[in-house]
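The values are calculated or read from the model by the stated rules, or taken from the named source; none is laboratory data. Keep in mind that what you see is a predicted model, and the values were worked out from it rather than measured. Here the Cβ is made from the backbone with ideal geometry for all residues, glycine too, and neighbour counts use every protein chain on show.
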Amino acid sequence: MKIGIIRCQEIAIGPNIHRCAGWNCFPAIRDKTPYMDEYDTVELVGFDTCGGCPGKNRTDKIVERGLKLKEKGAEVIHLSTCLVGSCPNKDMFIKVLNEKVGLPIKEKTHTRPEGELRPGTVTPYGKIAGEVSDTAVPPPPGTSPRRRKPSK
């Protein structure tokens with residue numbers, strides 16, 4: 001199966017402690033762990049970010065990335081575990097990718113080493129989408145996503 005992965009840009013470029021370059025996604029593909037074990041073979045055709053938090057419901061960046069993955073041969077797009085587990089826009093992203101890219105969209109690329117987050121949990125990047133639970137916890141002290149300075 002030819003897959004594309006879209007991951008969270010904030011985590012991809014975040015401060016060193018939160019930065020991720022696919023540390024768990026690539027081993028999951030290689031080792032065929034849960035979320036990758038449904039495929040006989042996996043060919044990764046692209047590994048991109050979502051384009052950043054959309055603001056004002058702008059989803060053009062993630063759609064561009066989804067279309068590029070499709071152009072490069074992706075048969076399915078996985079939203080990475082970091083995006084699914086921390087993005088308050090996840091449901092909107094899935095909806096728009098389904099509507100405008102026309103490929104199956106799957107959630108997660110691997111299990112989380114530190115355990116799964118439940119809907120309603122608050123992370124440094126926002127509240128986890130889905131049904132609100134009574135497990136919401138504040139983000140750890142001193143953590144916040146790194147924001148890029150606007151270009152001039």
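What residue, of Glu38, Glu99, is assigned to a helix (DSSP H, G or I) and without any contact (Cβ under 8 Å) to a residue 12 or more places away in the chain? Give the derivation first.
Numbers: Glu38 fails: assigned to a helix (DSSP H, G or I).
Only one candidate passes the filter, namely Glu99.
Is there a residue being touching a strand residue (DSSP E or B) at 6+ places or on another chain (Cβ under 7 Å), at pLDDT 95 or above, under 18 Å from Lys100 (Cα atoms) and of a type outside the set (S, T, N, Q) anywhere in segment 58-65? Steps first, please.
Taking segment 58-65 and keeping what is touching a strand residue (DSSP E or B) at 6+ places or on another chain (Cβ under 7 Å), we get 62, 65.
Those left that are additionally at pLDDT 95 or above: 62, 65.
Now restrict to residues that are under 18 Å from Lys100 (Cα atoms): 62, 65.
With of a type outside the set (S, T, N, Q) added as a condition, the list becomes 62, 65.
Scanning segment 58-65, I find at least one residue that is touching a strand residue (DSSP E or B) at 6+ places or on another chain (Cβ under 7 Å), at pLDDT 95 or above, under 18 Å from Lys100 (Cα atoms) and of a type outside the set (S, T, N, Q), so the answer is yes.
Residue by residue, here is whether (1) closer than 17 Å to Glu107 by Cβ; (2) surrounded by fewer than 18 Cβ atoms within 10 Å (Cβ to Cβ); (3) out of contact with any Pro (no Cβ under 8 Å at 6 or more places or on another chain) holds:
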site: Arg7; (1), (2), (3): yes, no, yes
site: Ala21; (1), (2), (3): no, yes, yes
site: Pro34; (1), (2), (3): yes, yes, yes
site: Asp40; (1), (2), (3): no, yes, yes
site: Gly46; (1), (2), (3): no, no, yes
site: Lys68; (1), (2), (3): no, yes, yes
site: Leu79; (1), (2), (3): yes, no, yes
site: Ser86; (1), (2), (3): yes, no, no
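Any residue in segment 44-66 that is over 19 Å from Ile94 (Cα atoms), touching a residue at least 24 places away in the same chain (Cβ under 8 Å) and assigned to a loop (DSSP other than H, G, I, E, B)?
No - not one qualifying residue is present in segment 44-66.
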